[in-house]
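First up is the structure itself, then whatever we jot down about it.
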Amino acid sequence: QTCALPIPASPEQSRFLCARLQAALSGRLLRTAPEIPLLDKMAREAQERLVLEQVVAEMQANLRDIEQVLDAYFRDPTERRELQGITPKVHQLTGAMSMLGENAARDALAGIEAALERFAQAAEVPAQAEFEAVAQVLSALGFHVAALARGEASDFAAVLQPRRSAPQAAPETLT
């Protein structure tokens, strides 16, 4: 009887796994298994994917909460109470981005945090341009985190920049 593995492995790993499978089929498999390097690696990678999925889900939830509070604030800038409540969520996002080595996203979040402090302490309503800049960064973070969730490589700086490759329509054609 032959044993073929559907995963690429070294000949040594293939022989070892085939012998273990044959022992299991014949009832001779020991309860304590020796180390299986390929399976250890696969288990570690699966664990890393699960952790990343959990981190990304938490990041997405934090982004939703932050966007919700800021949306309410942008509609009525006199309502500043909730702004301080989202600071810990921004800190969590910053820490997650740092842990993932996403330095550009981490730095952008530092800018969001500084803007939140200005918004919370402003004597006057901040300029619309400040609101738009914060919204643009949060939107880019959303796209970036979604790409991370799909396991795709994402360049935050590129996501942050508006695409300029599409031809611009003449103003009269937009109406």
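The values are calculated or read from the model by the stated rules, or taken from the named source; none is laboratory data. Please read these numbers as outputs of a predicted model, since none were measured by experiment. When we count neighbours, we look across all protein chains shown, and the Cβ atoms used for this are built from the backbone with ideal geometry, even at glycine. Note: areas computed on protein heavy atoms with side chains; ligands, DNA, RNA excluded. Shrake-Rupley method; radii C 1.70, N 1.55, O 1.52, S 1.80 Å.
Near Leu70: Cβ cut-off under 15 Å, other residues only, Lys/Arg at +1 and Asp/Glu at -1. The net charge is -4. Could you tell me the calculated FRET efficiency between Ala120 and Leu100, based on Cβ-Cβ distance and R0 = 25 angstrom, to the nearest 0.05? The formula returns an efficiency of 0.35 here.
For the stretch 41-92, the solvent-accessible area of protein heavy atoms averages 69 Å² per residue (probe radius 1.4 Å; ligands and nucleic acids excluded). Calculated FRET efficiency, Ala147 to Ala72, Cβ-Cβ distance, R0 = 30 Å: about 0.65 to the nearest 0.05. For the stretch 150-160, the Karplus equation 6.51 cos²θ - 1.76 cosθ + 1.60, evaluated at θ = phi - 60°, returns couplings of 7, x, 8, 6, 9, 9, 4, 4, 5, 5, 5 Hz by residue, with Gly and Pro reported as x. What FRET efficiency, computed as 1/(1 + (r/R0)^6) with R0 = 45 Å and r the Cβ-Cβ distance, is obtained for Asp65 and Leu21, rounded to the nearest 0.05? According to the calculation, E is roughly 0.40.
Length gained on full extension, Ala57 to Arg81: 6.0 nm, using 0.36 nm per residue less the C-alpha separation. Over the C-alpha atoms of the stretch 91-139, the Rg to Rh ratio, Rh being the Kirkwood estimate, stands at 1.04. Heavy-atom accessible surface of the stretch 110-150, averaged per residue, reaches 51 Å², computed with a 1.4 Å probe.
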